[in-house]
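These notes concern the structure reproduced below.
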Amino acid sequence: DSIHTGVFERSFDLSAGQSAEERAASSGFLARLVTVAVAAVDSVRAGRHLLETLRMQTGSEHYHPPAGLYEHFTRKEDWYGRSKSFLSLYGDWEQSGVPVPDVIDGTEPMVKASINKLISSFMTLFDKSFVSAKDDHCQLLFSAWNALAECSVWDLKAPMPLESLATGDTARYARSLIEMRQDMCVIHKRIIGASESHPDTMLFRGLTKKADTSKFRSMHVSAMLKTAVEFAVDISDKAVASLMDADSQSSSASSAALCAYEGVAAYISFLISVHTKSDETVNTYFGDDKLQKAGRRKGSGMSDSIEEEAPSSDESDYDEDEEDEAKMVVLSKLHDACQSVGAAPVHPDWLDTSVRIRPGISPSAAAEAAKTALASLSKLANAARIHRDKSLEHALSSTSKEPGSDGALSDSALALRIYRSVQDQYGSRTSAVAETLGIDGILLSSLNNIRCSCSNDATVRETWCTNSAQQIKGGFQECAATLEGWFTTSAELRATNEWEMLLSDSLVAACTNIAASQPDDLADWRGDRGALGTSLDDAERWQNIVRACAEAMVPCAALLRLGLNCGRGRSQHPLSVKDQANKEENREPNVVRPSSPLPDSNIVSFVSVSQDEIKSALATSVAVLSDVASESRNSYPNIKKTCHAAMCHLLGDASHQQNFEDLATVRLHLAGLCAFDQALSSLRASNDKRIPIRPDDIVVGIVNALDRKEVIPQLLAALGIDNTVKIDTLSERQVDATDLLRDAQKQFMALSNASSSSDTADSLLPWTWGEKQEEP
């Protein structure tokens, strides 16, 4: 009762009215309270035998008391430490759990009502922790996140209650994040099972005894995944409906909402991935013969362990240290391959002939799930791009002479379009554009290089994310002791089954803080520092959501192709061939973006999925992917590779993919040309003297990219003169590329609720396509 009441009162100390140091001190105290409370409950559950285990594992000299309540929370690189972050009472524990004795008494620590109150307190702190994340490096956020995993087994006969003392938007999205993790862990346990090398913890002991109280308890695999996909898509579609509301002009959303949007993309990629399983693992793709044998004998967190049990053996060609080193070599090769491709060249991002759809799931059901997920993710990515651009426009307008005015926002939107389209090696053209539109030229020219994240985000991710994956243990956690300083990509986490870690990674963005990470740059830019920093924070977080959606679309596109091909996989990816991943020739496009025949139309017709719905999902997906790839050529090169990896599954060979992307690039430059013309017309109409001395130089900078023989067909198509750009898709051959984009545009227009106002629609949507011209 005291904790419950105290949390309710103390959580309001995290309000914006306090200084950053006071919020960090308050959240630090609450995080310590959570850690001690969880450890106390687990200690009672463990019983009297815990004392002997503690005596053997720890001593008084290892005790680490918490730091002073209002000790200054430094923002330097040494911010992390047990005395400050208080992960545990003991120096040799990286997690908050107590060690597990050989015998557990199973004593009930509290009556059910008290357990529910304590869990409600943790839920409340999780809601409130999004406010303090910028100041305490996500300490309270991950403390509450971990605690809500630990307490899920305190009542072995009932589901964990998710009631919170908080209400509103933040509480709703915080609950969605917890529900996604719970469902993910249940589905993973039901379909894949636990790794043989999972840690022996109180949580795992409880999970083996806890009755299945989830909503999936009476469902078969196909129904379970269908229900979970519908839940995830519902979160995504409701977010899109809210974000695309024409009455909502704000580019901001709650921190919890942004984390949930990023998290739902990770959750969808998990659900799509478990529709299939591979007979191979990253060890068999990248490891030597001895490691392959060891993996088959011992099992691995990198592969399924419940459906195929390998014969066990105590013999090994490796000693323990050598095997760890060999696994590190495998992970290093996987890392290099993922960096080259922008995705994993193995399951679940590339489904070759070693992959099969899981028993109980039909190719039609797999294709239906992939199609639904692709359509939802593409629309979420499109909405996030729109709000990212609105945030950047607000940031640019805050440096104008009339910050925040309609005129400043309009000029900033024009400047952003021009900036993305102009080729400017020396910066003179960008400076002229900024001067013409009255915004800060240094900020405009720096947009490619801004890193709007917490200055210690790598340390935050390394510190919290690894230890937050408590129920799903994949290939990276097997080598956790030797992975200090290792930065993993989303593709690597997918390939090694680190799904809980991937979901936890969506929380890290809550610490995004441009004012703390780039104070020198912020000082160089004119305008309101607070408004500028907030807008750049929002822009980076929206871009994180775009990236997460593009990442999730890769396994979705791969599954759609596999389902439409009646479960027959593609040839092995060139970069997954042993001893080939690091060769120089593998940087060639035909290796990074390999081609293989599209599913035969006669085979596709046997799959009982609506062909019109497949075409619609393909249209929105390739439209968003090509547009993100074209605008990311300088600022986000890794996202461009990811978009290529997804389009590789949806379109024909590399030439078809390049033709479609070139069309998007041409349209990007034409949009910049139109924006510059609009800016000049506005200045001339008002007799403004800011017209650049040589406007033709800016025009040349824009059209230089169009001065290539290869893009002439795309240029003619974009201008509506002649369309010879034909591409092959999963469902059709020789499709008019502009028809595909026009279909996507109509779907996005329908979501914007702005059909009554073409001006509003144009301002909301990243591109606008008119109706096809009548033949003369």
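The values are calculated or read from the model by the stated rules, or taken from the named source; none is laboratory data. Remember, it's a predicted structure, so these values are computed and weren't measured experimentally. In this analysis, Cβ positions are derived from the backbone assuming ideal geometry, glycine residues included, and neighbour counts consider all displayed protein chains. Surface areas here come from the heavy atoms of the whole protein model, side chains and all, with no ligands, DNA or RNA. Shrake-Rupley method; radii C 1.70, N 1.55, O 1.52, S 1.80 Å.
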The ³J(HN,Hα) series, computed from each phi in region 734-751 with the Karplus coefficients 6.51, -1.76 and 1.60 at θ = phi - 60°, rounded to the nearest Hz and given as x for glycine or proline, is 6, 7, 5, 4, 5, 5, 5, 5, 5, 4, 4, 4, 4, 5, 5, 4, 5, 7
At R0 = 41 Å the Cβ-Cβ FRET efficiency linking Ala531 and Asp696, nearest 0.05, sits at 0.70
Applied in sequence order to region 227-241, the curve 6.51 cos²θ - 1.76 cosθ + 1.60 (Karplus, θ = phi - 60°) yields integer Hz couplings, x standing for Gly and Pro, of 5, 5, 5, 4, 5, 5, 5, 5, 4, 5, 5, 5, 5, 4, 4
Packing-ranked peptide list from 168-181, 492-505, 350-363, highest mean Cβ count within 10 angstrom first, is 492-505, 168-181, 350-363
Placing each pseudo-label 7 Å from Cα in the direction of the beta carbon, Asp245 and Thr353 end up separated by a distance in nanometres of 5.3 nm
Residues whose built amide H sits under 5 Å from the amide H of Asp728, excluding neighbours closer than 5 in sequence, are Gly652, Gln734, Val735
Among Lys134/Lys641; Lys112/Lys226; Lys277/Lys333; Lys226/Lys277, the pairs whose Cα-Cα distance exceeds 23 Å are Lys134/Lys641; Lys112/Lys226
The local net charge around Ala675, scoring Lys/Arg +1 and Asp/Glu -1 for residues other than Ala675 whose Cβ lies under 11 Å from its Cβ, equals 0
Label model pair Asp728, Ser446: point-to-point distance (7 angstrom along the Cα→beta-carbon line) in nm is 4.8 nm
Net charge (Lys, Arg +1; Asp, Glu -1) of residues whose beta-carbon lies under 11 Å from that of Ala469, Ala469 excluded, is -1
Using a 1.4 Å probe on heavy atoms of the protein chains only, the accessible area for Lys128 in Å², nearest 10, reads 50 Å²
When every protein chain stays in place and a 1.4 Å probe is rolled, Ser397, Ser410, Ser571 sorted by accessible area with the largest first are Ser571, Ser410, Ser397
Other residues with Cβ under 12 Å from the Cβ of Ser218 give, with Lys and Arg +1 and Asp and Glu -1, a net charge of +2
Once phi for every residue in region 352-369 is put through the Karplus expression 6.51 cos²θ - 1.76 cosθ + 1.60 (θ = phi - 60°), the whole-Hz ³J(HN,Hα) values, with Gly and Pro written as x, are 8, 5, 7, 9, 9, 6, 5, x, x, 10, 7, x, 5, 5, 5, 5, 4, 5
Here the gain from full extension of Ser364 to Asp169, 0.36 nm per residue of separation minus their alpha-carbon distance, amounts to 66.5 nm
To the nearest 0.05, the calculated FRET efficiency linking Ser608 and Asp212 through their beta-carbon distance, R0 being 22 Å, is 0.10
So Ser114 and Leu156, fully extended at 0.36 nm per residue minus their Cα-Cα distance, gain in nm 13.6 nm
The answer for region 113-183, accessible area per residue at 1.4 Å probe in Å², is 28 Å²
